[in-house]
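Step one of this worksheet: look at the structure below.
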Amino acid sequence: DAKTTQPPSMDCAEGRAANLPCNHSTISGNEYVYWYRQIHSQGPQYIIHGLKNNETNEMASLIITEDRKSSTLILPHATLRDTAVYYCIVKKVTSGSRLTFGEGTQLTVNP
Amino acid sequence: DTEVTQTPKHLVMGMTNKKSLKCEQHMGHRAMYWYKQKAKKPPELMFVYSYEKLSINESVPSRFSPECPNSSLLNLHLHALQPEDSALYLCASSQGPGREHEKLFFGSGTQLSVL
C-alpha cells in the first residue's frame, strides 16, 4: 500500500470549513483513499473513501486530484466535536483486511 | 446496533498476572481485529480473524494470545506481559473478506497498564 504524508497538526475556527490535505504521490491505480478519525479516548471512526471521483457523505467531502497524487478531506462546518486525529490511508482493495494507519493530522477546532 | 463493545475499559496488571480482554459485536460481521496503540501513536494491527479463523498475525509475541470463540466474540489473553506492553488495545470488526470496501468499526478500547 502506498505511503501517505499529512501535516502533523492544523487549527480551524468553529463554523468554518476544515480542509485536511494528504499527499500520496506513489498511489497506484487500484488503491483507494480512506479517511478515518480518532476522537480522544475513542476508537477510530470511518469517515469516507474514494478512488478518483470526488465523494460526499453526511460527514465530509473527499476531493482527489486528477493525477490522484493528493487528496483533501473537507469538513464543511467544523464543530468543537470534530477535534480529533484524522488519518489518511491508501489501501489496495486486494490488501484485504490489513488497514495501516500513518501518523495522521491533529485537527483542533477552536471556538 | 453498530457498536463494538470492549471490556474492561481499564486494566492494571502485574507482570506475572494472566488477564483477558473481551470484545463483542452484534452486527453480523465476520472479520474481527485487535490493534495496539501506544500514546500519541497510530494504531498498529496485531491480529485479524476471518470467519473465526486467525488470518493475520503481525508477528505478535506469544504472551498475547487471541481467541475467537464465535462470530460475535473476540478475546485477547494476556500472560507475562512487560511494562512496554502498556497501551490502548482496540478491537474492530468489519463485514468480512470479499467485501470490496470494508469499513472497520472500532470499540473504545481497553487502556492497559502493566506494572
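Only residues that are open to solvent by less than 40 Å² (accessible area, probe 1.4 Å), out of contact with any Pro (no Cβ under 6 Å at 6 or more places or on another chain) and either over 16 Å from A:G43 (Cβ atoms) or assigned to a loop (DSSP other than H, G, I, E, B) (or both) were counted in the range B:81-115, giving 8. Being within 14 Å of chain A (Cβ to nearest Cβ), touching a strand residue (DSSP E or B) at 6+ places or on another chain (Cβ under 9 Å), open to solvent by less than 60 Å² (accessible area, probe 1.4 Å) and of a type in the set (K, R): is that true of B:K9 here? Here the answer is no, as B:K9 does not meet what is asked. Any residue at all in the range A:36-56 that is more than 29 Å from B:F47 (Cα to Cα), among the acidic types (D, E) and out of contact with any helix residue (DSSP H, G or I) (no Cβ under 6 Å at 6 or more places or on another chain)? Within the range A:36-56, one or more residues are more than 29 Å from B:F47 (Cα to Cα), among the acidic types (D, E) and out of contact with any helix residue (DSSP H, G or I) (no Cβ under 6 Å at 6 or more places or on another chain).
Residue-wise test of (1) closer than 24 Å to B:Q95 by Cα; (2) open to solvent by less than 30 Å² (accessible area, probe 1.4 Å); (3) at pLDDT 95 or above.
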site	(1), (2), (3)
A:K3	no, no, no
A:S9	no, no, yes
A:R16	no, no, yes
A:N19	no, no, yes
A:C22	no, yes, yes
A:Q42	yes, no, no
A:L51	yes, no, no
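Just so you know, in the range B:57-80 the residues that are more than 19 Å from B:T5 (Cα to Cα) and buried (at least 16 other Cβ atoms within 10 Å of the Cβ) include one that is farthest from the other protein chains (Cβ to nearest Cβ), and it is B:F64. Looking across A:T72, A:T83, one residue alone is over 11 Å from the mean Cα position of the chain (by Cα), open to solvent by 30 Å² or more (accessible area, probe 1.4 Å) and either β-branched (V, I, T) or farther than 24 Å from A:E14 by Cβ (or both). It is A:T83.
How many residues are part of a strand (DSSP E or B) and out of contact with any Leu (no Cβ under 6 Å at 6 or more places or on another chain) if we restrict to the range A:90-111? Of the residues in the range A:90-111, 7 are part of a strand (DSSP E or B) and out of contact with any Leu (no Cβ under 6 Å at 6 or more places or on another chain). For the range B:24-60, residues that are outside any strand (DSSP E or B) and closer than 22 Å to A:P8 by Cβ total 6. Of the residues examined, A:S61 is one that is open to solvent by less than 40 Å² (accessible area, probe 1.4 Å) and touching a strand residue (DSSP E or B) at 6+ places or on another chain (Cβ under 6 Å).
The residues of the range A:24-40 that are surrounded by 18 or more Cβ atoms within 10 Å (Cβ to Cβ), over 18 Å from A:L75 (Cα atoms) and more than 11 Å from every other protein chain (Cβ to nearest Cβ), listed by number, are A:H24, A:I27, A:E31.
The values are calculated or read from the model by the stated rules, or taken from the named source; none is laboratory data. Please read all numbers here as calculations on a predicted model, not as lab measurements. Ideal geometry is used to build each Cβ from the backbone, glycine not excepted, and the neighbour counts take in all protein chains shown. The protein model used for the area step is the full one, side chains on, heavy atoms only, and it has no ligands, DNA or RNA in it. Shrake-Rupley method; radii C 1.70, N 1.55, O 1.52, S 1.80 Å.
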